[in-house]
1. Which of (1) in a loop (DSSP other than H, G, I, E, B); (2) closer than 26 Å to LEU195 by Cα is the odd one out, the single condition LEU91 does not satisfy?
2. What are the pairs, 6+ residues apart or on separate chains, where a residue within segment 1-25 that is within 18 Å of ARG88 (Cβ to Cβ) and without any contact (Cβ under 8 Å) to a residue 24 or more places away in the chain has its Cβ under 8 Å from a residue that is open to solvent by less than 20 Å² (accessible area, probe 1.4 Å) and part of a loop (DSSP other than H, G, I, E, B)?
3. Give just the number: which of (1) surrounded by 15 or more Cβ atoms within 10 Å (Cβ to Cβ); (2) within 22 Å of CYS179 (Cα to Cα); (3) in contact with a His (Cβ under 9 Å, 6 or more places away or on another chain) does GLY39 not satisfy?
4. Restricting attention to segment 98-120, and to residues there that are acidic (Asp, Glu) and part of a helix (DSSP H, G or I), which single residue is surrounded by the most Cβ atoms within 10 Å (Cβ to Cβ)?
5. Restricting the search to segment 168-214, which residues are in a loop (DSSP other than H, G, I, E, B), touching a helix residue (DSSP H, G or I) at 6+ places or on another chain (Cβ under 7 Å) and polar (S, T, N, Q)?
6. Looking at this structure, is GLY203 closer than 20 Å to HIS118 by Cα and surrounded by fewer than 14 Cβ atoms within 10 Å (Cβ to Cβ)?
7. Restricting attention to segment 29-60, report how many residues are in contact (Cβ under 8 Å) with a residue 40 or more places away in the chain and of a type in the set (Phe, Trp, Tyr).
Amino acid sequence: MTKKSFWDDAYASTHQTIVSAVEGCDIELESTIFFAFSGGQESDQGTIAGLPVTSARKEGLCIKYTLPLDHGLQVGQSVLVEIDWSRRYRLMRLHFAAELVLELFYKELNDVEKVGAHIAQDKARIDFAWPESIAPLLPSIAERANKIISSDREIRTGFDDVENERRYWEIEGFSKVPCGGTHVRSTGEIGQIRLKRNNIGKGKERVEIFLCEQ
C-alpha cells in the first residue's frame, strides 16, 4: 500500500520518501504527494529524483509511477518527489468547482444521473444522462455555486473507511460526499466560475466549468 500523503497535506509540493518497489520502468514509493488519475481528476505532473514521471496509475491501494527506462532507482533509495504546484492548485480548484456544481444539480433534479466527469487544468466537465437541454438551469446553478464560493465556507475531509481508503468531503449544512481527490481548504479559494452547456448526444448533456479568471 502506498501512503497517500496528498490527503494529509494537499498543499505540499515536495516530499522526501523511499522507493518501495522497482519493476522495469515502474516504481512504487512508501509515501507520495503525487496524485494518480482517479474520479476524473487528472494525475499530477512532476519528477521523482529529478526524473520526469510519464504516467501515474492506481493499482488497488498502491500507486505506480512510470519513469524513463534508465532511471537507475533501487528499492530502499531515498528520493525527492516534486509536483507542478501551479497545475495541481488549478486542478484542486476546478475539482471542487465541479463537486459543487454536481451537488447542486442533484438537489435540483432528483432523477439526474452523472455518467462521466473529467478535471483538467483548463476546465472541468460533468456528463449527465438527461432527456432535455439543461441550458435553462445553468444561470441559477452558477449563481448558487458562486454564492457558496463567495461565502468562503470550510471544506472538511476525512475517512469513512480507513482500511479501504474511502474518503469524503463535507460542507456543514450543504453536503457530505464520498471523494478521494485533492481539495482546497475553503470554497473561497476556488474563485468565481462560469458554466457552459455542451450537447454530446441524444439523452446526454455536458456541463463545462471554467474559472472566471480564464
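The values are calculated or read from the model by the stated rules, or taken from the named source; none is laboratory data. A quick note: this is a predicted structure, and the numbers were derived from the prediction, not measured. Heads up, the Cβs are rebuilt from the backbone with ideal geometry, glycines too, and the neighbour counts pull from every protein chain shown. Only protein heavy atoms, including side chains, enter the accessible area calculation; ligands, DNA and RNA are left aside. Shrake-Rupley method; radii C 1.70, N 1.55, O 1.52, S 1.80 Å.
1. The failed condition is (1).
2. ALA12/ILE33
3. Every listed condition holds for GLY39 apart from (1).
4. This residue is GLU99.
5. Once the filter is applied, which keeps residues that are in a loop (DSSP other than H, G, I, E, B), touching a helix residue (DSSP H, G or I) at 6+ places or on another chain (Cβ under 7 Å) and polar (S, T, N, Q), segment 168-214 yields THR182, GLN192.
6. Details: closer than 20 Å to HIS118 by Cα: yes; surrounded by fewer than 14 Cβ atoms within 10 Å (Cβ to Cβ): yes.
Yes: the conditions hold for GLY203.
7. 2
A quick yes/no check of all residues on (1) open to solvent by 20 Å² or more (accessible area, probe 1.4 Å); (2) farther than 15 Å from SER13 by Cβ; (3) not hydrophobic (A, V, I, L, M, F, W, C):
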{"position": "ILE48", "(1), (2), (3)": "no, no, no"}
{"position": "SER55", "(1), (2), (3)": "yes, yes, yes"}
{"position": "LEU61", "(1), (2), (3)": "yes, yes, no"}
{"position": "TYR65", "(1), (2), (3)": "no, yes, yes"}
{"position": "ASP84", "(1), (2), (3)": "yes, no, yes"}
{"position": "HIS95", "(1), (2), (3)": "no, yes, yes"}
